[in-house]
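Notes to accompany the following structure.
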Amino acid sequence: MPDTRHTKVLIVGSGPAGYTAGVYAARAMLEPLLVQGLEPGGQLTTTTEVENWPGDTEVQGPDLMVRMEAHARSVGTEIVGDIITKLELDKRPFVAHGDSGTTYTADSVILATGARAKWLGMPSEEAYKGFGVSACATCDGFFYRGQEIVVIGGGNTAVEEALFLTNFASKVTLIHRRDELRAEKILQDRLFKNPKIETLWHHQLEEVVGEDNPKGVTGVKVRHVDTGEITEIDCKGVFVAIGHAPSNELVKDVLETHMGGYVVTQPDSTATSIPGVFAAGDLTDHKYRQAVTSAGMGCMAALEAERWLSEQELDEGKDETEPLGYGAPVDAAH
């Protein structure tokens, strides 16, 4: 028989936002239950050196997330290795369905589902995913020892991936459609000083070239954005690093979103368009997208959930499954 669990605070997601929310909710004696999701620890588990986490000159991303999980557990957060496949937010208590078959009911919900890597959406890219095309250098870089590879993008993600891949590759070509990078200056300085990295400006990926027996990438075709001239570059690996999109599948048709799918929250708050539902981290942050800001929002969400729960009047005769209004519209410009 399927199990049903109830909690005052259900936290969905396990990156810096989720684990920090767990710490603060547990310290408020709310006995939170955190469901880790498909990727426990979030994006930092696929990041190597983290140099901007306060208190650590340098820390490995996976190590940081192990510490954050341990901290959340130590103060009383119950952490469950399950994946939420469906959320029902139209009545209270809120209902979440786990892939394990467990049903979770909750008086409040903190959404911290984070973001996922973006893809270009090209047929050739899709055809060679896992066979030379990747969006995770820390996951797959090891397989390209002594090989030539390319990285697509111009932001922090692309530069970090390119720098990391020089640990394995004989040469890394960074392909960017503009004539300057968007990455932090300190990262750009490292990139330009690295003798293994060549930057190809004003180009974008046209096609991934490969063979089928055995299946693998042999090169890429890139197009000059001004002249349209096609150039072919030999390589064994293609790393797409063009940013991330919010993981909003559970709520995109229920909560108000903007800026390409980020969940809208009220100004200076983590409150969403449904009372009792809060959003933190990369699911809602289209501007900063940093581990430290995600953690800060996780703190905010837990404090706001505690305050919201304390304000609810529990009438003895009230129907616990009374339909909810969606609340006043929030400022979509936030």
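The values are calculated or read from the model by the stated rules, or taken from the named source; none is laboratory data. No experiment lies behind these values; they were computed from the predicted model shown. Cβ atoms come from the backbone with ideal geometry, glycine included; neighbour counts cover every protein chain shown.
Taken over region 27-50, the criterion of being at pLDDT 95 or above and surrounded by fewer than 18 Cβ atoms within 10 Å (Cβ to Cβ) is satisfied by R27, M29, E31.
Per this entry, T103 is not counted among residues that are in the same structural domain as V251 (by TED's automatic domain parsing), of a type in the set (S, T, N, Q), within 17 Å of A302 (Cα to Cα) and buried (at least 16 other Cβ atoms within 10 Å of the Cβ).
R289 meets all of the listed conditions (1) among the charged types (D, E, K, R); (2) on the phi < 0 side of the Ramachandran plot; (3) touching a residue at least 12 places away in the same chain (Cβ under 8 Å); (4) not assigned by TED's automatic domain parsing to the domain that holds C139 but one, namely (2). Take the conditions (1) free of Cβ contacts under 8 Å to residues at least 60 places away in the same chain; (2) under 14 Å from V159 (Cα atoms); (3) not in a loop (DSSP other than H, G, I, E, B); E180 misses just one of them, which is (3).
From the set of residues in region 134-175 that are at pLDDT below 95 and not in a helix (DSSP H, G or I), which is surrounded by the most Cβ atoms within 10 Å (Cβ to Cβ)? Across region 134-175, the extreme among qualifying residues is S134. Exactly one residue out of D282, D268 is within 30 Å of T166 (Cβ to Cβ), among the acidic types (D, E) and assigned by TED's automatic domain parsing to the domain that holds L34: that is D282.
If you filter region 35-77 down to residues that are farther than 20 Å from R289 by Cα and touching a residue at least 60 places away in the same chain (Cβ under 8 Å), you find that the one that is farthest from the chain's Cα centre (by Cα) is T77.
Of the residues contained in region 228-245, one or more are found to be assigned by TED's automatic domain parsing to the domain that holds T173, closer than 30 Å to F168 by Cα and without any contact (Cβ under 8 Å) to a residue 24 or more places away in the chain.
Only one of the numbered conditions (1) more than 28 Å from D226 (Cβ to Cβ); (2) within 24 Å of the chain's Cα centre (by Cα) is not met by R145, and that is (2).
Wholly within region 193-278, which strands (runs of 3 or more DSSP E) include no fewer than the required count, namely at least 1 residues that are under 27 Å from the mean Cα position of the chain (by Cα) and among the small types (G, A, S)?
Numbers: elements: 197-200, 203-212, 215-224, 230-234, 237-240, 244-246.
Correct list: 237-240, 244-246.
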